[in-house]
Amino acid sequence: MSFAARVSAIAPSATMAVKRAAEELRRRGVDVIDLGPGEPDFPTPEHIKEAACQALARNFTKYTADSGIFELREAIAQRYNRDYGTAYTAENVLVTSGAKQALYHIAEALLEDGDEVLLPVPYWVSYPEQIKLMGATPVLVPTHARDGFRLRAHAIADRITKRTKAIIVNSPNNPSGATVESAELEKIVELAVKHQLWLIYDECYEKFLYEGVHVSACEFNTQRVVIVSSVSKTYAMTGWRLGWAVAPKELIQAMAKLQSHSTSHPTSISQYAALAALTGDQRCVAEMLSEYRRRREFVLKELAQIRGLECAPPQGAFYLFPDVSRFFNGEISNSSELARYLLENAHVAVVPGAGFGADECIRISYATSLEQLREGLKRLREGLQSLS
Ligand SMILES: Cc1ncc(COP(=O)(O)O)c(C=O)c1O
């Protein structure tokens, strides 16, 4: 069977591949500890679920406006205005089926054949594929484990060409947990303004920060900046599929046009649930953060016991991204082979760094219970030590 060329131009999601391999082993009766999850292990808070039940009871089960319900767009705009002193209105907001769809529509609205997008490494798996789907080219911007994966504005500046259309910055970063420093972000925004580029700023993990305060690119500029976020991680709502883009209204209108001919709008019930999440009690977020903090400390302490494994302490999100290249040998020469070895021999699932553009690393998620982490890290240590 043959399909459109764009299908073969992209790779399937690396994170999904690990999930499938772990599930296959489980089906064969093997007890696998999964350190791969890219989503919170907490249930969605009760008051949010209650709001969704009420939306159902009130028959909010029909089509909504294609940019999303006004109340939600307004609540999102106000949230940024309150936190960052911006002057957004509902017209600056497009509500989408998750941050992923917001990013997709941004790529569709902005990118064309031959365009270049500056993409810091390590990157979240879908960015390069979305860029390639639009006929554009991801231009990789290195960051380094020994520098805590910090993104430097000069690394961006060095790679700007006449073809550059956009820069993607993800802070806190998936997979490294690194955040961009305020001064560097300000310089990156200045570069976007000077060269008339778009800065796509993905802050999906903004509420899970262990050091410092979150800086949003919209604090510096709102004309060349597109903010992307969602309720997925913050409120443990990955399955509700609800995210947004905040941008100049002309770009929002262009994206809304695209959305109106694809999904129309996100599920009506999820929109009411997201409204409750954003406007309701925020203690649930603080509680999740405090549990992640406990787990992060535990995992960092355990990883420090593994000789040869280097791990930059992450500032945010719920991942660690250690360098495991020291364990490569004649048979295992990359992160995918190492992850497979660990899964088959130590029965612990981790995500190979290759899918994030960093083949010397693996991603370990601590969005799982302390009990699972304890056993998973024991298996990881034994698995790695059997290689050294
Ligand atoms: C950096 C980053 N951006 C976007 C997304 C997509 O999130 P959503 O569930 O809101 O589509 C993810 C999900 O893992 C992510 O890690």
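So which helices (runs of 4 or more DSSP H) stay within segment 1-118 end to end and still have 2 or more residues that are closer than 24 Å to residue 169 by Cα? Before the answer, list the steps.
Working: elements: 5-8, 14-27, 46-57, 70-84, 98-110.
Because the criterion is at least 2 residues that are closer than 24 Å to residue 169 by Cα, the helices (runs of 4 or more DSSP H) in segment 1-118 that meet it are 14-27, 70-84, 98-110.
Which of the residues belonging to segment 132-145 are outside any loop (DSSP other than H, G, I, E, B) and either in contact (Cβ under 8 Å) with a residue 60 or more places away in the chain or within 14 Å of residue 163 (Cα to Cα) (or both)? Reasoning before the result, please.
Narrowing segment 132-145 to residues outside any loop (DSSP other than H, G, I, E, B): 132-133, 137-142, 145.
132, 133, 137, 138, 139, 140, 145 - these are the residues of segment 132-145 that are outside any loop (DSSP other than H, G, I, E, B) and either in contact (Cβ under 8 Å) with a residue 60 or more places away in the chain or within 14 Å of residue 163 (Cα to Cα) (or both).
Kindly indicate whether residue 192 is surrounded by fewer than 23 Cβ atoms within 10 Å (Cβ to Cβ) and assigned by TED's automatic domain parsing to the domain that holds residue 107. Walk me through it before giving the result.
Numbers: surrounded by fewer than 23 Cβ atoms within 10 Å (Cβ to Cβ): no; assigned by TED's automatic domain parsing to the domain that holds residue 107: yes.
In short, no.
From the list 308, 316, 353, exactly one residue is buried (at least 24 other Cβ atoms within 10 Å of the Cβ), over 24 Å from residue 23 (Cβ atoms) and touching a residue at least 60 places away in the same chain (Cβ under 8 Å). Which is it? Give the steps one after another, and end with the answer.
Numbers: 308 fails: buried (at least 24 other Cβ atoms within 10 Å of the Cβ); 353 fails: over 24 Å from residue 23 (Cβ atoms).
Among 308, 316, 353, only 316 is buried (at least 24 other Cβ atoms within 10 Å of the Cβ), over 24 Å from residue 23 (Cβ atoms) and touching a residue at least 60 places away in the same chain (Cβ under 8 Å).
Hey, could you check segment 13-40 for residues that are touching a residue at least 24 places away in the same chain (Cβ under 8 Å), within 15 Å of the ligand (Cβ to nearest atom) and out of contact with any strand residue (DSSP E or B) (no Cβ under 9 Å at 6 or more places or on another chain) and say which is nearest to residue 356 (Cα to Cα)?
Ranking the candidates gives 13 first.
Considering each residue of segment 204-223, count those that are closer than 17 Å to residue 294 by Cα and among the aliphatic types (A, V, I, L, M), and give that number.
1
Can you confirm whether segment 130-148 contains a residue that is under 30 Å from residue 74 (Cα atoms) and either buried (at least 17 other Cβ atoms within 10 Å of the Cβ) or in the same structural domain as residue 16 (by TED's automatic domain parsing) (or both)?
Let us first name the residues in segment 130-148 that are under 30 Å from residue 74 (Cα atoms), namely 130-131.
Applying the additional criterion that residues be either buried (at least 17 other Cβ atoms within 10 Å of the Cβ) or in the same structural domain as residue 16 (by TED's automatic domain parsing) (or both) yields 130-131.
Yes: segment 130-148 contains one or more residues that are under 30 Å from residue 74 (Cα atoms) and either buried (at least 17 other Cβ atoms within 10 Å of the Cβ) or in the same structural domain as residue 16 (by TED's automatic domain parsing) (or both).
Being touching a Pro at 6+ places or on another chain (Cβ under 6 Å), among the small types (Gly, Ala, Ser) and surrounded by 22 or more Cβ atoms within 10 Å (Cβ to Cβ) narrows it down to one residue among 176, 171; which is it? Spell out how you get there, then give the answer.
Numbers: 171 fails: touching a Pro at 6+ places or on another chain (Cβ under 6 Å).
So the residue among 176, 171 that is touching a Pro at 6+ places or on another chain (Cβ under 6 Å), among the small types (Gly, Ala, Ser) and surrounded by 22 or more Cβ atoms within 10 Å (Cβ to Cβ) is 176.
Starting from segment 112-131, keep only residues that are within 12 Å of the ligand (Cβ to nearest atom), then list their pairs with residues that are modelled with pLDDT under 95 whose Cβ atoms are within a distance under 8 Å, requiring at least 6 positions of separation or different chains.
Final answer for the pair search is 125/13; 125/14; 125/15; 125/355; 126/13.
When you check residue 268 against the structure, is it closer than 22 Å to residue 92 by Cβ and either within 19 Å of the chain's Cα centre (by Cα) or not assigned by TED's automatic domain parsing to the domain that holds residue 66 (or both), yes or no? Steps first, please.
On the way: closer than 22 Å to residue 92 by Cβ: yes; either within 19 Å of the chain's Cα centre (by Cα) or not assigned by TED's automatic domain parsing to the domain that holds residue 66 (or both): no.
Here the answer is no, as residue 268 does not meet what is asked.
Applying the selection to segment 91-100, what residues are within 12 Å of the ligand (Cβ to nearest atom) and either buried (at least 24 other Cβ atoms within 10 Å of the Cβ) or outside the structural domain of residue 253 (by TED's automatic domain parsing) (or both)?
Restricting attention to segment 91-100, the residues satisfying the condition of being within 12 Å of the ligand (Cβ to nearest atom) are 95-100.
Scanning segment 91-100 gives 95, 96, 99.
The values are calculated or read from the model by the stated rules, or taken from the named source; none is laboratory data. What you see is a predicted model, and the numbers here were worked out from it, not measured in a lab. Positions of Cβ are generated from backbone atoms using ideal geometry, with glycine treated the same way; all protein chains shown enter the neighbour counts.
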